[in-house]
Structures are given as C-alpha cells and as structure tokens.
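Reading through the structure tokens given below for one structure.
The values are calculated or read from the model by the stated rules, or taken from the named source; none is laboratory data. Predicted model, so just to flag it, every value in this text is computed and none were measured. Counting neighbours? That spans all protein chains shown, and the Cβs are built from the backbone with ideal geometry, glycine included. Ligands, DNA and RNA are excluded from the accessible area calculation, which covers all protein heavy atoms including side chains. Shrake-Rupley method; radii C 1.70, N 1.55, O 1.52, S 1.80 Å.
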Amino acid sequence: MIKLALLSGLLILDKYAIGIFGLSQPIGAGLIFGLAFGRLSECIILGAYLQLIYLALLPVGRYIPPDGELGGITGLAIHILYPQFPLIVPFFFAVITSIFSGYTDTIFRQFNNLLYRKGIQAAAQEQITTVINLHLLGLPVAFSRGFITVLLLLLCAG
C-alpha cells in the first residue's frame, strides 16, 4: 500500500512540479503501474479507459477541470491493491478523487501563486537562495498531495 502511494506521489510530480511528460496521465500511469507490479496489459487497458473519461476535460480559460491525473492514478492503485473488486470500484474512486482534487487544485494553485510572488520579490532583491528554496518547496507539496490522497483512498477502499 505504501509503495502504491509513493509511486502515486512521484507520478503526480509530473503534472505539478517536474515537467509535463504525460506520465501522470491515466494511460501513462497505467503503463508504469503495470510494469512496476507485473500486470501490464490490465493496467494499460484500465488506464486507457480512464483516459477516455478525462479526454474532453480541458483547462480552458479559468476553468479548472476535475483532476483526471490523480483520479486515474487512484483508480489504478485501487485496482492493483484490490484486484478482486469489480472494475466499477476503481472507476468510482477515480471519478470521486478527480472531482475532489479539482477543488483542492484551486487551493494548490493559490499556494503556488503565493510562492511565485514571494520568489519574484526575492529575485528583485537578488536573494537567489530564497528563490531556489521557494521553487524547491513545490516538490514536497505536490508529492504529498498525491501521496496522502491515494493513501487515504486506498485505506477507505479496503
């Protein structure tokens, strides 16, 4: 369970803190979960189905859609930990997580905006160490968002 939550936290960094390579998308996460836990074909298929759910939800303008990445990761993690559950259970948790995470994404963005503004002020005063520390603070915040969400939902699903 902890391995799943750790992997989930690392994957969600792809969306928020370390580039945007698509590894946090449900199809990419399905590949990684499948390789990590020896269930490649079923995780890719589940990831593809979850990807289709979130395909049309684009963040246009100020609209913040449900968080399909964290939802997909949660659904995959639940399927890995509880393969005996019917597939509707991972889908249910994926959709609920994505809706909840869409709301927390707003809070996360406000926090990042605060860090950004402090970083701009520090850069104007040539406080490079402060700028680097503020930038690096985003890593544990993004990781813990994914880790804690998935760990709590894995415990709830069991």
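Close contacts from segment 99-112, counting a first residue that is within 18 Å of Pro140 (Cβ to Cβ) and open to solvent by less than 100 Å² (accessible area, probe 1.4 Å) and a second that is β-branched (Val, Ile, Thr) and part of a helix (DSSP H, G or I), with Cβ to Cβ under 9 Å and a gap of 6+ residues or different chains, come to Ser101/Thr74; Ser101/Thr149; Thr104/Thr149; Phe108/Val141; Phe111/Val141; Asn112/Val141.
Pairs meeting the criteria (first residue in segment 126-140 and in contact (Cβ under 8 Å) with a residue 24 or more places away in the chain, second residue surrounded by 13 or more Cβ atoms within 10 Å (Cβ to Cβ) and aliphatic (A, V, I, L, M), beta carbons under 7 Å, at least 6 apart or on different chains) are Gly138/Ala17; Gly138/Leu115; Leu139/Leu13; Leu139/Ala17. Scan segment 128-140 residue by residue and report those that are over 19 Å from the mean Cα position of the chain (by Cα) and surrounded by 15 or more Cβ atoms within 10 Å (Cβ to Cβ). Result: Thr130, Val131, Leu134. The combined condition, being touching a His at 6+ places or on another chain (Cβ under 7 Å) and surrounded by 14 or more Cβ atoms within 10 Å (Cβ to Cβ), is fulfilled by Pro90.
You will find that of Ser41, Ser8, the residue that is surrounded by fewer than 17 Cβ atoms within 10 Å (Cβ to Cβ) and small (Gly, Ala, Ser) is Ser41 and no other.
Tell me the residue from Ile45, Ile64, Ile27 that is farther than 13 Å from Ser8 by Cα and either of a type in the set (Asp, Glu) or without any contact (Cβ under 8 Å) to a residue 24 or more places away in the chain (or both), please.
Values: Ile64 fails: either of a type in the set (Asp, Glu) or without any contact (Cβ under 8 Å) to a residue 24 or more places away in the chain (or both); Ile27 fails: either of a type in the set (Asp, Glu) or without any contact (Cβ under 8 Å) to a residue 24 or more places away in the chain (or both).
None of the other options fit; the residue is Ile45.
The residue list Ala29, Ala36 contains one member that is in a helix (DSSP H, G or I), closer than 19 Å to Ile2 by Cβ, at pLDDT 90 or above and open to solvent by 60 Å² or more (accessible area, probe 1.4 Å), which is Ala36.
Of Ala56, Ala77, Ala123, Ala94, all but one fail to be in a helix (DSSP H, G or I) and free of Cβ contacts under 8 Å to residues at least 40 places away in the same chain; the exception is Ala123.
Is segment 65-73 home to any residue that is open to solvent by 70 Å² or more (accessible area, probe 1.4 Å) and at pLDDT below 85? Full working, then the answer.
Of all residues in segment 65-73, those open to solvent by 70 Å² or more (accessible area, probe 1.4 Å) come to none.
No, segment 65-73 contains no residue that is open to solvent by 70 Å² or more (accessible area, probe 1.4 Å) and at pLDDT below 85.
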